[in-house]
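Take a look at the structure set out below.
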């Protein structure tokens, strides 16, 4: 028997098992995941997620603030245009009243004065059949 001598010596099997075990530990040590690197990568990813979430929240808040500002700006613009329109209407009314009073005053003063305003001076209308009345160059009769 060729292997009979070896069978009686168990040391070879033990040594072989020890060698296989250390070789296996060496292989596992080389191929074991780097948990520190995985943890660092996960932490960096979570940080990036938090930053992205904060940036998105800030953008939403800024959009809301800008929307409110734009609405308020429109309201102020409308109030400004309304005030300008009211001021213009008031100025137009004032100018109209001023013109009306000026015309009335001009008519009164021309009625009592020698000049008729437009049409020249008043002349005696007795020659044309209106005894005691006056007429101007345009033929306007004053009683």
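Laboratory data are not the source of any read-out in this text; all were calculated from the coordinates shown. Here the structure is a predicted model, which is why all the values come from computation and not from measurement. Cβ atoms come from the backbone with ideal geometry, glycine included; neighbour counts cover every protein chain shown.
A full extension of the chain between residue 75 and residue 39 corresponds to an added length of 7.6 nm, given 0.36 nm per residue minus the alpha carbon distance.
Residue ranges 129-135, 63-69 sort as 129-135, 63-69 when ordered by packing (mean number of other C-beta atoms within 10 Å per residue, highest first).
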